[in-house]
Amino acid sequence: MNKIFKIITNLSAVAVTGIIMVSCSADKDSAGLEYMPDMYRSPAIEPYVDYGEVRGKINETLKNTASALTPPKHTVPYYGTNEEDVLLMLPYNRKPSAAFASTHGLFGYDYTTNTEADYEYNQAANDKNPLILNVKNSEAIFKKGKELFAANCMHCHGEKGDGNGPMVTSGAYAGVPNYADKAALGDGQLFYSIYYGKGAMGAHASMLNKKEIWTLVHYIRKFQNASYGTFSPDGTSAVAAVSDSVKVDKPAKK
C-alpha cells in the first residue's frame, strides 16, 4: 500500500513539475500558459466589442450588435466639479414637438404637450446664452467655435455663414439660410435649432454637448456682426449695442 502511495505521489510531483515547466515562457512580459482563464480572469463587458465573435466562437445572433448601450433616461453625465461647466451641461429645459419624432428622428424624447406650432422654439427666444463672453475668454471661445463650425456646420452653411457651403453649391441641398438675415433670432432659438434641428437640418444633440452648442451660438453671432464679442483694451465692449448674452468683464482697477 505504501509502495503504491509513493508511486502516485512521485507521478503527481512529476506531473505538477511538468505543468509548471510548460507554463513558463522565455518572454519576460508573458503571464505564462493560462489553463483556466475564466476562473480568475473576469470576462468584463466592454463597450465597443463585437460579442458575436469571442475567443474564436461565432454567435451569428450577436454579430454587429451594438454593445455600447444608451444610458438610462434622465440620467445626468458627470461633468466634473467646475460649477460653471456643470450648469451649462444640465438637461435642456426646452422640449421638442412630438412631430420631431418623425421629422428629425427624435425618438424616446419627452415632447411638449403644447399643440401650438413652434411653441417651445418661440419660447426659447427669451433664453440668453449662459456661456458668458468676457475680455479674458472671448478669443478662446471664438477659436473653439471656429473648429466646431468647420466640423459640423460649414459643409452646408458655408465658411462665411452665408448658406453657400459645398453641399449647397453642389446642388445636394437648398434653402440653407444666410446667418446675416437671422440676427433677430434669440440666442435660445439658435441653440434650439442646433440641438433639435430645424427645417431640413437634423438634430445635433447627439454630436455636440450643450457647452459646444452655446459656443457655436457665439460664433454665429460673428457672422451677423464682425465686432461681436470684441473688447477695447480697458475691457469695455467694442460694440455699441451688444446682445444681453455678452457680459463685459472689466479689469480690476489698480
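The values are calculated or read from the model by the stated rules, or taken from the named source; none is laboratory data. From a predicted model like this one, the values you see are computed outputs, not experimental measurements. Every residue, glycine among them, receives a Cβ derived from its backbone with ideal geometry; neighbour counts consider all protein chains shown.
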**Request:** Name every residue in the stretch 84-136 that is within 29 Å of residue 230 (Cβ to Cβ) and of a type in the set (Asp, Glu), in order of residue number.
**Result:** 84, 85, 127
**Asked** Can you pull out the residues in the stretch 63-105 that are farther than 24 Å from residue 193 by Cβ, touching a residue at least 12 places away in the same chain (Cβ under 8 Å) and surrounded by 13 or more Cβ atoms within 10 Å (Cβ to Cβ)?
**Response** 67
**Item:** Unmet requirement for residue 106, which otherwise passes all of (1) out of contact with any Pro (no Cβ under 8 Å at 6 or more places or on another chain); (2) at pLDDT 70 or above
**Value:** (1)
**Complete:** Residue count, the stretch 85-105, condition basic (Lys, Arg) and assigned to a helix (DSSP H, G or I), comes to 0
**Asked** For the stretch 174-183, what are the residues that are among the small types (Gly, Ala, Ser) and either assigned to a helix (DSSP H, G or I) or more than 12 Å from residue 220 (Cα to Cα) (or both)?
**Response** 174, 175, 180
**Message:** Take residue 171 and tell me if it is over 22 Å from the mean Cα position of the chain (by Cα), farther than 21 Å from residue 228 by Cβ and in a loop (DSSP other than H, G, I, E, B).
**Reply:** yes
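Per-residue answers, yes or no, for (1) in a helix (DSSP H, G or I); (2) among the β-branched types (Val, Ile, Thr); (3) within 24 Å of the chain's Cα centre (by Cα):
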{"residue": "107", "(1), (2), (3)": "no, no, yes"}
{"residue": "131", "(1), (2), (3)": "no, no, yes"}
{"residue": "141", "(1), (2), (3)": "yes, yes, yes"}
{"residue": "146", "(1), (2), (3)": "yes, no, yes"}
{"residue": "150", "(1), (2), (3)": "yes, no, yes"}
{"residue": "156", "(1), (2), (3)": "yes, no, yes"}
{"residue": "185", "(1), (2), (3)": "no, no, no"}
{"residue": "194", "(1), (2), (3)": "yes, yes, yes"}
**Asked** Would you call residue 51 out of contact with any Asp or Glu (no Cβ under 6 Å at 6 or more places or on another chain) and modelled with pLDDT under 70?
**Response** no
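Yes or no, residue by residue, for (1) touching a residue at least 12 places away in the same chain (Cβ under 8 Å); (2) buried (at least 20 other Cβ atoms within 10 Å of the Cβ); (3) in contact with a Ser or Thr (Cβ under 8 Å, 6 or more places away or on another chain):
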site: 107; (1), (2), (3): no, no, no
site: 119; (1), (2), (3): yes, no, yes
site: 146; (1), (2), (3): yes, no, no
site: 157; (1), (2), (3): yes, yes, no
site: 173; (1), (2), (3): yes, no, no
site: 177; (1), (2), (3): yes, no, no
site: 181; (1), (2), (3): no, no, no
site: 202; (1), (2), (3): yes, no, no
site: 220; (1), (2), (3): yes, yes, no
**Request:** Kindly indicate which of 190, 208 is of a type outside the set (Lys, Arg) and in contact with a helix residue (DSSP H, G or I) (Cβ under 6 Å, 6 or more places away or on another chain).
**Result:** 190
